[in-house]
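Just below is one structure, and these are the notes that go with it.
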Amino acid sequence: MTTRDPGDAGLVRRHLRLISGSGSDEAAHHPVTESDEIEGLVPTPRVYSRVTGPSWEANPPGRASNPLAAYADELARGTPPFATPRPRRPIIALRQISVGFGGVHALDQVDLDVAEHEVVAVVGENAAGKSTLAKVIAGVVQPSSGVIEVDGAPVTITDPGMARRLGIAMVFQELALADNLDVTANLFLGQERLHHGLLNVLEMEETARRHLNKIGARITSVRTPVGQLSGGQRQSIAIARAMLGEPRVILLDEPTSSLSITQTAEVLNLIQRLRDLGRAVVLISHNLGDVRAVADRVVVLRHGQNNGSAAMSDVSYEDIVAAVTGAVSTLPVPRQTATPRVSFTPSQAAEG
Amino acid sequence: MASGPLVFGSQTSLREANRARIVETIKSFGGLTQVELADATGLSSATVSIIVKELVHAGIVATRSTSRNGRRAIHVTLARRLGLVAGIHFSRRYLRVALADLSGEIVAEHGLPLSSDHRADTGLDRAALLITDMMTSIEAEREELLQVCLGLSAPLSSATGAIYTPGILRGWDGLDIAAALEQRLHVPVLIDNDANLGALAECRAGAGRESRMVVYLNVNEGIGAGLYLNGDIVRGATGAAGEIGHMSSDENGPICYCGNRGCLEMVAGSRAMLESLRPTHGDLRLSDLVAKAHEGDPGCRRVIGDSARRIGIALAQVCNILDPERVVVGGAIAATGDLFLDPLRVVTARHTLPGEGPSIDIVAGCLGERAEVTGAIFAALGAVTVPAGTLPLARSA
């Protein structure tokens, strides 16, 4: 990646390679290279890229490549072509979920979508229903009405074991670690690896070490009793244990509460790492600073009801606080004048 | 450390590998006992004990008796010579803190994701707490910390020590940043623009090592440049030199945070790139953009190439004025390698003064995301002045 400037001769060689079809790997799986433009030909203004996106392969020639027709299609479908992120298909979708404890409505017709490669933060005041929501997904609490969909198909999550089989893992606020056992034993608690009917300690330790390395947890030794670890390390172990079954969705209930700054740093880095590994993370937290640092989307609960949901880049700290406290009932907060989004139009220079 | 050529698989190379493993492990945890060290490295305790003795003798690590669970234990840390300095880097979305001894060896390092539009007060609190925590983890005394250098991704006024143009980093406006951190840590604090620090690091220890005149271009959430000319960073009369991100790229373009129109950062920066991918790719982060470009996503590659061309035109103007030997590109976008660098090279070459020699040398930085914090360490080391009598004794002695 640190190749030097090939100079003109290098460029010519590159071009010959591209033209003759014996290009590098890069050219092979990316047939439309930028080479036509980097060589200095006037770029054709690709207006259609502003409407349908710049994915050439995805646009068969014909109607879709006609910018106006595509735009008209979009309008006819009622979807504005700009500023609306393409919705990703959620792994888990909660529809109109309600939970009642006696006379108390803990959750009242709550919706939640979680897609892979995404950190969704659920925020709200105390008793807003955040933990109940997580427990519904984890199969600990049964909803009194509403539908849970996994990959688009409705499911009933009757118990935590079923949630695990569906690829959902939860790390509870109280972590549920056995302090007297070491790291390995905690990771494999209830799912010990056996060898001829005996515990296969060697294999478990080896797997534990590899697993902790993979998710980037900073643990000195897998033989340390968990009771001797710091808060952040304990949180890492709990997350690692949840990750052991290769879940697709991980629910974290207040992972940074009562941690020191270094430990918070460890956990936040770990959350980002999980996201980069393609996992969906539901982060329940009081700490808006942490939430805004790692989450892609925020969902606000208030008195057990949805009180707004938005992409993190669309809302400010104050917007979230306003939604949490009930000063507004929607996110993103509507402005008096719409601020136009910055759009990246490479052909502008040519036009101007 | 090594003497003579090493043969793979030989006893010597094995021992070298084990020594390196032990030093790396100590570095990543700050300090640990010999027993923990054996567990963490997977080496036998006898091997660890022997290697630690050797390393103590060589002055690389220091040991101290302590107790764990009521049993005697030997606590091992990297040896510190004469004191510590700290480097802090606040980028738009990440905080990185490193501690180094006076020989420049980094002894501890930590990072923390930040929210966009982060605020100075909580940010500085967190940085100060991190430093205190890290000092505790390597069992250093408070007096050992001699100097701190903080890098910030905004132009800084040399007169007031505050941000030069309000609005660029909203949460930090109008604050005398060095004074605010000095109040928290009670050590002298130096502040600088992060691109300047990146330039310093790449020119002292990275891709610009052998050049006398280097432009360091940082393409991250923002776009900045550090100018390293004849061994020194050029800061300009007021401290705002090198603000390539605020060069005008489109006079009718969108309004920038700085108040001007069509700044390079607004038309070619990460925000513009991610915004243009939003309708098709959804909400991406800069790291997603880089990852997807590596995977071959045509949209992401296209956007990176377009951005490189816009930046190339601005870079060419800088090169026409300064005529640098080399341009070093750092920041997250540099991780896409030639996807970004190739169009940048071509456009820069096309817009610079043609001459007899080869076109300008544009390379990726060697230090990656750690360039700025490394530069902060260098700057802090350069600012340390203490009367010799007051120095704490070196542990390794």
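Here are the numbers:
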{"read-out": "Debye-sum result for chain B in log10 I(q)/I(0), which assumes one identical scatterer on each alpha carbon, at q = 0.08, 0.09, 0.10 Å⁻¹", "value": "-0.48, -0.61, -0.73"}
{"read-out": "Test item: B:115-125 mean partner chain Cβ contacts at 10 Å", "value": "3"}
{"read-out": "Listed residue (B:Asn18, B:Gly262, B:Ile163) projecting farthest to the positive dipole end of chain B, Cβ model", "value": "B:Asn18"}
{"read-out": "Local net charge near A:Val147, Cβ-Cβ under 11 Å (Lys/Arg +1, Asp/Glu -1)", "value": "-1"}
{"read-out": "Rounded to whole Å, sorted largest first: equivalent-ellipsoid semi-axes of the stretch A:200-258, Cα gyration tensor", "value": "19, 16, 9"}
{"read-out": "Test item: A:310-316 mean partner chain Cβ contacts at 10 Å", "value": "3"}
{"read-out": "Residue order, fewest to most beta carbons within 10 Å, for A:Ser309, B:Ser49, B:Ser44, B:Ser157", "value": "B:Ser44, B:Ser157, B:Ser49, A:Ser309"}
{"read-out": "Residues of type aspartates and glutamates that A:Lys135 reaches as a straight line, Cα spacing below 12 Å, ignoring anything fewer than 8 places off in the same chain", "value": "A:Asp159, A:Asp253"}
{"read-out": "Radius of gyration, Dmax [the stretch B:15-78; alpha carbons; angstrom]", "value": "10.6, 33"}
{"read-out": "Relative pair counts by distance (%), Cα atoms of the stretch B:84-196, 5 Å bins", "value": "2, 12, 25, 26, 19, 11, 5, 1, 0"}
{"read-out": "All lysines inside 30 Å of B:Lys292 as judged from Cα atoms, apart from same-chain residues fewer than 8 positions distant", "value": "A:Lys214"}
{"read-out": "In degrees, nearest ten, helix B:270-281 long axis to first principal axis of chain B (Cα)", "value": "80"}
{"read-out": "Computed E for B:Ala46/A:Glu318 - FRET, C-beta separation, R0 45 angstrom, nearest 0.05", "value": "0.15"}
{"read-out": "Pairwise centroid distance, computed over Cα atoms, of the stretch A:273-302 with the stretch B:259-298, Å", "value": "21"}
{"read-out": "Folded to 0 to 90 degrees: helix B:338-351 orientation relative to chain B principal axis, Cα", "value": "50"}
{"read-out": "Rel. contact order, % - alpha carbon contacts under 8 angstrom, at least six apart, chain B", "value": "17"}
{"read-out": "Spacing of the two label points (7 Å from each Cα toward its C-beta) at A:Gln228 and B:Asp323, in nm", "value": "6.5"}
{"read-out": "Cβ neighbours within 10 Å from other chains - mean over A:289-300", "value": "3"}
{"read-out": "Span per principal axis, largest first, for the Cα atoms of the stretch B:208-365 (Å)", "value": "45, 34, 25"}
{"read-out": "Rel. contact order, % - alpha carbon contacts under 8 angstrom, at least six apart, the stretch B:1-95", "value": "23"}
{"read-out": "Diffusion coefficient, µm² s⁻¹, Stokes-Einstein with Kirkwood Rh over alpha-carbon pairs of the stretch A:210-310 at 25 °C and 0.890 mPa s", "value": "170"}
{"read-out": "Over the stretch B:150-300, relative contact order from alpha-carbon pairs under 8 Å, at least 6 apart, %", "value": "16"}
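Any read-out appearing in this document is the output of simple, stated calculations on the displayed coordinates, not a laboratory observation. The model shown is predicted, which means the values in this text are computed figures rather than measured ones. Note that we place each Cβ from the backbone using ideal geometry, even for glycine, and neighbour counts take in every protein chain shown.
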